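Report on the following structure.
The values are calculated or read from the model by the stated rules, or taken from the named source; none is laboratory data. Please read these numbers as outputs of a predicted model, since none were measured by experiment. Note: ideal-geometry Cβ built from the backbone for every residue, glycine included; neighbour counts use all protein chains shown.
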Amino acid sequence: MTPPTFQHLWAFWQNFCIHKRKSDYSNADIVSVFPASCPYPVWHKDEWLEHANPPSAEFNFEEDFFQQLWEVFSKSPIPHNVGIGSENCEYTDDCWYSKNCYLCHSIGWCEDCRYIYRNVRLKDCYFCVYCFDCSRSIDLSYCFDCSSVKYAIDSKRCQNSAFLYDCQDCEDCLLCWNQRNKRYCIANTQYSKEEYEKELKKYTLSSRSVYKKLEQQFSEYIKTHAYWKNLHLESTEKSTGDYLKNTKNCTDCYLVDESQDCENTLRCFQARNSKNSISVFDGDKIVNTSMAQDACYNISHCCDVNRCKNLDYCAHCYECEDCFASCGLVWKKYYILNKEYSPEAYTRLKEKIISHLQDTGVYGEFFPAYFSATSYDESLASFYFPLSIEEQKAQGYRTRVEESYNKDEYTDISLLPDITGDESIWSYWDQERKRPFQISKEDVQFYKKIWAPVHDTFYISRFLKNYRWMFPGLRLRTTTCSISWKQIQTTLPEFLDSRIASEEEYNKIIY
């Protein structure tokens, strides 16, 4: 059968939203990535790990496969969020081994961060996406080892700077692009230390209007003046795709690190022998799967499984082994439709079911859209493949239940100061999102420390805006190098074609 598309797999990865709701186990207040309208029973993860005992059924060869699964799955409790090993990170999801983080999504080993997405080892950062080993910074996109930087894209080892694109080992720079080992530069013009400090006083970065004006100016600069390397490939061998680092024999892969022998995979770290999968963290032999994380092995047609081995058509399972067509299991082995079997009986029945599914043309299909625990608009798919409500319904996806707010209860955004000395919590109205957002005392303290204006939008809008600088179409296309006119491949958009360079030509100019 046709393998699942990225769009369909992404629709099963809950993303970007946090809800206050009740646990369906204890009725206690919890903060979950799943709203109250989730079709699965949602328990706090601690309750789930201790008490999970989902209903079971015997397989019926006369009934539809997925209908049988849904009858069991829809009654099987699932944990309220993804991730383990974190401290004081209640308002997060897909959060691993982090501390003191708030409204952060898909992070690992981060500390004292707020409003960030897909980051590793960040400390004291806001509104950063796909960054590694950065600190005391804001508005970074795909940056590495940066400190005290405001608004940077694809930059490494920079500090005390603002508005950088493709800069490395730079310090005390502003509005710069394609720079290496520079200091005291503004708009790629070299100044002395004294001249730079004098010029810098003209830019009040704590002013929201100045910050936004510089953001717009910077955007135009890098679109018309900077050179853009066609692909981000670092230490790769026999690999194709983009945003690859330390990969070998990886084909059509994107945002993949430390991996080998993978094909058509997205957002993977330490993945091996994986195909048609997304969000794999330390996994081997992962096929047609969404979210196999934290040391999984031999996983096929699954969703949200952690520390599992030899699973097929399973969802929301933790530390399970040799299970088929099951959901909501914890520390289980030899289960089919959540029913336990002896090892011998399990193997016989599983082989018989797979043979039956192959004969009927079902085996290889991913779960139908309605199996997703989240609505389409709250999944990663909505960012890459936005659909109208009518389109979502036509394709079988769940639609979001809109929350209602009374606009009059919140402060108008026009009254939001650049930096306030008031450290009480204030709630403002985001007209574009039609919902409120808060400025907390922690926010005020951070903006004072880095001397930046207080944010004026709902947090997801801002980090998604930064994410778009990675142009996440994640599909290779053919264009021509703007310097040599040779054909090259890229994932960058067509409006940058006049500035895209092959790696060979880019290196001649930049280094």
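Name, by its number, the condition in (1) in contact with a helix residue (DSSP H, G or I) (Cβ under 9 Å, 6 or more places away or on another chain); (2) farther than 14 Å from residue 56 by Cα that does not hold for residue 295.
(1)
Please go through the stretch 325-366 and give me each residue that is charged (D, E, K, R), under 19 Å from residue 299 (Cβ atoms) and in a strand (DSSP E or B), ordered by number.
Correct list: 333 only.
From the residues in the stretch 174-194 that are part of a loop (DSSP other than H, G, I, E, B) and of a type in the set (S, T, N, Q), which one is farthest from residue 234 (Cα to Cα)?
192
I need the helices (runs of 4 or more DSSP H) fully contained in the stretch 439-511, keeping only those with at least 3 residues that are touching a helix residue (DSSP H, G or I) at 6+ places or on another chain (Cβ under 7 Å).
Because the criterion is at least 3 residues that are touching a helix residue (DSSP H, G or I) at 6+ places or on another chain (Cβ under 7 Å), no helices (runs of 4 or more DSSP H) in the stretch 439-511 meet it.
Any residue in the stretch 446-464 that's modelled with pLDDT under 95: show its pairings with residues that are part of a helix (DSSP H, G or I) and among the polar types (S, T, N, Q) at Cβ separation under 9 Å, as long as the two are six or more apart or on different chains.
Within 9 Å, the pairs are 453/209.
For the stretch 242-324, which fully contained strands (runs of 3 or more DSSP E) count at least 1 residues that are surrounded by fewer than 19 Cβ atoms within 10 Å (Cβ to Cβ) and not aromatic (Phe, Trp, Tyr)?
In the stretch 242-324, the matching strands (runs of 3 or more DSSP E) lie at 253-260, 263-272, 275-300, 309-312, 321-324.
Hey, residue 222 hits all of (1) at pLDDT below 90; (2) on the phi < 0 side of the Ramachandran plot but one; which does it fall short on?
Residue 222 satisfies all of (1) at pLDDT below 90; (2) on the phi < 0 side of the Ramachandran plot except (1).
Of the residues that sit in the stretch 51-77 and are of a type in the set (S, T, N, Q) and within 13 Å of residue 315 (Cα to Cα), which one is surrounded by the most Cβ atoms within 10 Å (Cβ to Cβ)?
76
Would you confirm, using the coordinates I've provided, whether residue 325 is modelled with pLDDT under 95 and of a type in the set (A, V, I, L, M)?
Considered against the rule, which asks whether it is modelled with pLDDT under 95 and of a type in the set (A, V, I, L, M), residue 325 comes out as no.
For the list (1) touching a residue at least 40 places away in the same chain (Cβ under 8 Å); (2) part of a helix (DSSP H, G or I); (3) of a type in the set (D, E, K, R); (4) more than 29 Å from residue 123 (Cα to Cα), I need the number of the one condition that residue 408 fails.
The failed condition is (1).
For the stretch 1-44, which positions are surrounded by 19 or more Cβ atoms within 10 Å (Cβ to Cβ) and in a helix (DSSP H, G or I)?
Scanning the stretch 1-44 gives 6, 8, 9, 10.
Could you check residue 187 against (1) touching a strand residue (DSSP E or B) at 6+ places or on another chain (Cβ under 6 Å); (2) aliphatic (A, V, I, L, M); (3) under 18 Å from residue 159 (Cβ atoms) and say which number it fails?
(3)
Does the stretch 383-398 contain at least one residue that is within 30 Å of residue 304 (Cα to Cα), touching a Ser or Thr at 6+ places or on another chain (Cβ under 6 Å) and outside any helix (DSSP H, G or I)?
Yes, the stretch 383-398 contains a residue that is within 30 Å of residue 304 (Cα to Cα), touching a Ser or Thr at 6+ places or on another chain (Cβ under 6 Å) and outside any helix (DSSP H, G or I).
Do you know which residues across the stretch 166-210 are of a type in the set (Lys, Arg) and in contact with a Cys (Cβ under 9 Å, 6 or more places away or on another chain)?
180, 182, 183
Show the residue pairs meeting these rules: Cβ distance below 8 Å; 6+ apart or different chains; first residue within the stretch 71-88 and under 18 Å from residue 13 (Cα atoms); second residue part of a strand (DSSP E or B) and small (Gly, Ala, Ser).
Taking only residues 6 or more apart or on different chains, the pairs are 73/315; 78/315; 80/32; 81/32.
If residue 216 passes every condition in (1) in contact with an Asp or Glu (Cβ under 7 Å, 6 or more places away or on another chain); (2) closer than 25 Å to residue 414 by Cα but one, which one does it miss?
(1)
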